[in-house]
1. Is it fair to say A:M82 is open to solvent by less than 10 Å² (accessible area, probe 1.4 Å) and more than 16 Å from A:T203 (Cβ to Cβ)?
2. Being among the basic types (K, R), in contact with a His (Cβ under 9 Å, 6 or more places away or on another chain) and within 11 Å of chain A (Cβ to nearest Cβ), is that true of even one residue in region B:345-361?
3. Within region B:86-96, is even one residue crowded, with 20+ Cβ neighbours inside 10 Å, closer than 18 Å to B:V150 by Cα, out of contact with any Asp or Glu (no Cβ under 9 Å at 6 or more places or on another chain) and within 12 Å of another protein chain (Cβ to nearest Cβ)?
4. Run down B:F64, B:F72 and say which single residue is more than 7 Å from chain A (Cβ to nearest Cβ), open to solvent by less than 10 Å² (accessible area, probe 1.4 Å), aromatic (F, W, Y) and closer than 27 Å to A:G23 by Cβ.
5. Being open to solvent by less than 40 Å² (accessible area, probe 1.4 Å) and touching a residue at least 40 places away in the same chain (Cβ under 8 Å) is the filter here, so list the residues in region B:3-19 that pass it.
6. Check B:K394, B:K349 and return the single one that is closer than 30 Å to B:Q100 by Cβ and modelled with pLDDT of 95 or more.
7. Hey, A:N245 hits all of (1) under 25 Å from B:G43 (Cβ atoms); (2) not charged (D, E, K, R); (3) not in a loop (DSSP other than H, G, I, E, B) but one; which does it fall short on?
8. For region B:1-20, which residues satisfy the criterion of being more than 7 Å from every other protein chain (Cβ to nearest Cβ) and within 30 Å of A:A279 (Cα to Cα)?
2 protein chains.
Amino acid sequence: MPENQSFRQDYPQLDPPVRTLMGPGPSDIHPRVLQAMAAPTIGHLDPAFIQMMDQIQGLLQQLFQTKNALTFPVSGTGSAGMECCMVNVIEPGDRVVIAQNGVFGGRMADIADRLGADVVKIQVPFGQKFEPEAIREAVAGKPTKLVGVVHAETSTGVCQSLPEIAEIAHEVDALLLADCVTSLGGTPVKLDEWGVDLAYSGTQKCLSCPPGLAPVSFSERAVQALKNRKSKVVSWYLDVSMLLNYWGGERAYHHTAPINMLYGLREALLIVLEEGLDAVFARHQHHGEMLVAGVEAMGLSMLVPADYRLPQLNTVVIPDGVDDAAVRRALLNDYNIEIGGGLGDLKGKVWRVGLMGHASRRENVVTFLAALESILVQQGAAIQPGAGLAAAAKVGA
Amino acid sequence: MPENQSFRQDYPQLDPPVRTLMGPGPSDIHPRVLQAMAAPTIGHLDPAFIQMMDQIQGLLQQLFQTKNALTFPVSGTGSAGMECCMVNVIEPGDRVVIAQNGVFGGRMADIADRLGADVVKIQVPFGQKFEPEAIREAVAGKPTKLVGVVHAETSTGVCQSLPEIAEIAHEVDALLLADCVTSLGGTPVKLDEWGVDLAYSGTQKCLSCPPGLAPVSFSERAVQALKNRKSKVVSWYLDVSMLLNYWGGERAYHHTAPINMLYGLREALLIVLEEGLDAVFARHQHHGEMLVAGVEAMGLSMLVPADYRLPQLNTVVIPDGVDDAAVRRALLNDYNIEIGGGLGDLKGKVWRVGLMGHASRRENVVTFLAALESILVQQGAAIQPGAGLAAAAKVGA
């Protein structure tokens, strides 16, 4: 059949390098997920697929710890989930309070602005968290439609406590939107107990699944806000009232769902729940602690204080005189380890070391510590050779 | 490790049925594409991935037959591609002419309406095509920003000729937008020669790749329209000026690209170009003709006249007295063949039989004809047993 093989000279066989993905995502993919994604494609209205959709929704509810009926994966990456949550409830002129302590809070504010909202952005420096009082002040006085907060800031590694903020938002009849991209499946996310109205996540962080889907969940209050809209949702693709006809009871065609990505997500969710949520969270916590013990013993320091630090996304302060890009390049080229650089205000100031999902493994912690030590020694940095691995080992098996 | 296996009782091992996908998409996936998708995930800023992005853009330009620099896959399904093209050039108040002869033209009009455009919808019945004069009348008199046309109507099987419409649009300084979801890789798409300014497609039709990406292409005129905008693009996720920083020279992070889907798309594009575009189009044409000869000899009729019928999407009129749903159910359950039902105005009136990409194979044509004949005979329909396969065979090998 092939008549035109000659042009293949410029396009070798697909053979991506095998990396250990310890950046801010994508993280290491579980082999079972890749295997699931290669299963035969079926139609998006096939009875066998409809059954799988029910399962995925039920599994996502367990991960989000919610009874929200409107819980499903958006056909796009995490940022499509963010946009989906916002575009469905925000109308032009709505007052929206966004708490920004990193890049992703800034993205929320940008989206709200594009939707014509009256955006009130409150800020603390990258790497800090918000005190509930700051939110209380921001929503005081004027009717506010939505409060947007990042539960797990992928750009800084900060975990923001949500229950107090939910209470404040609800007191003034505002909805609480939370970015759970990096938290879902890594640290507890309890939408119902905490009172989160809109949440979104991504598949490529603690779910150990390739990027391409954005799980979202809408509370009854959020659904009510959607029903009370005066204007049409400006995005057809992300209009939840239409998506609901497909993911809800009717199974009416909206757009063609990304079938094989959904095979992968189903497998990824099963892997998390087989291990059990508590065990998963404990594993992330434990390996995060090992990593921190190691880098601190080496003589480096963490950006975020321990009490609100995410164990799955560790921001390590780059020591003075160390060449950021050279270190990351050496990790990638000599050890096949990907970590992330700093984003926004933290560009050039921190490394972002992810221990998410399947990447949160003991072997990854020690390999990273060993590789980083070697590279820093080569760069002539003032570190304590051997101290990192010894300290990590003491955190226990 | 697994502590919680018991819950797996409700979730059996993923084992989707092996279907022959002869509906309106997803179509049969080429095995090499599924294999590529299971390759190890790498980061979206990994040098090895950046190199692959260049390749994918070059391959897409070959398929779209364009030199447009802004040619890349949107991280969403075909409808996200439609929305991406429209949201980037349409501003509130812009006059937009949409030619609707099926469901997807209707979707274009819906999106334009949500964007605040002054939408002029011209219509012909489902299954018919537009004469250029109808477009000329619609754009006459008032300044028009964009003309939207469906090149290959997935809901009807109509192929709309574009060069004359492009000329008319350009005479009045309007952009031409074309839906190429079902045409790309199945019938010729010549953006530059025809003068199409904005085009979008999907991976799950003639590219033999699972759904999840939407190739798009913007001409220089379209890019100019983008640059001349007075307002921000209302969608952050689909804002091409930002996506361009990632897919263009800078490779600046925008959102996390769906890595493994892009592995699949790369492989899918290589498969098409290995065969060669002319050979691919001839194969689609040939198998479409076989199918039509078969169904017509059986005593059934086609909705769309031969001169503007798509060979990859065949709308067969359901004979009086035949139970639409029962026939499709029997094809699926007894033969593992998926075809599509009618959409919109054609609901219950036609079957949509796809012969797209890897599904456009001789064995699929004869299996479908044989299965359909058996089912119709069982239903007591007045058809000519044996005539279908005989007529198809005469179309030649």
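The values are calculated or read from the model by the stated rules, or taken from the named source; none is laboratory data. Model, not experiment: these values are computed from the prediction. All Cβ positions, glycine included, derive from the backbone under ideal geometry; neighbour counts span all protein chains shown. SASA here: full protein model, heavy atoms, side chains in, ligands and nucleic acids out. Shrake-Rupley method; radii C 1.70, N 1.55, O 1.52, S 1.80 Å.
1. Numbers: open to solvent by less than 10 Å² (accessible area, probe 1.4 Å): yes; more than 16 Å from A:T203 (Cβ to Cβ): no.
It is false that A:M82 is open to solvent by less than 10 Å² (accessible area, probe 1.4 Å) and more than 16 Å from A:T203 (Cβ to Cβ).
2. Within region B:345-361, the first condition is being among the basic types (K, R), and the residues that meet it are B:347, B:349, B:352, B:361.
Next, only the ones that are in contact with a His (Cβ under 9 Å, 6 or more places away or on another chain) stay: B:361.
From the residues that got through so far, the ones that are within 11 Å of chain A (Cβ to nearest Cβ) too are B:361.
Checked region B:345-361: at least one residue is among the basic types (K, R), in contact with a His (Cβ under 9 Å, 6 or more places away or on another chain) and within 11 Å of chain A (Cβ to nearest Cβ).
3. Yes, there is a match, as at least one residue in region B:86-96 is crowded, with 20+ Cβ neighbours inside 10 Å, closer than 18 Å to B:V150 by Cα, out of contact with any Asp or Glu (no Cβ under 9 Å at 6 or more places or on another chain) and within 12 Å of another protein chain (Cβ to nearest Cβ).
4. Numbers: B:F64 fails: closer than 27 Å to A:G23 by Cβ.
None of the other options fit; the residue is B:F72.
5. Step one: of region B:3-19, the residues open to solvent by less than 40 Å² (accessible area, probe 1.4 Å) are B:7, B:11, B:14, B:16-17, B:19.
Matches in region B:3-19: B:P17, B:R19.
6. On the way: B:K394 fails: closer than 30 Å to B:Q100 by Cβ.
One residue alone meets the criteria, B:K349.
7. In the conditions (1) under 25 Å from B:G43 (Cβ atoms); (2) not charged (D, E, K, R); (3) not in a loop (DSSP other than H, G, I, E, B), A:N245 misses (1) alone.
8. Keep residues of region B:1-20 that are more than 7 Å from every other protein chain (Cβ to nearest Cβ), which gives B:6, B:9-10, B:12-13, B:15, B:20.
Residues satisfying the conditions are B:S6, B:Q9, B:D10, B:P12, B:Q13, B:D15.
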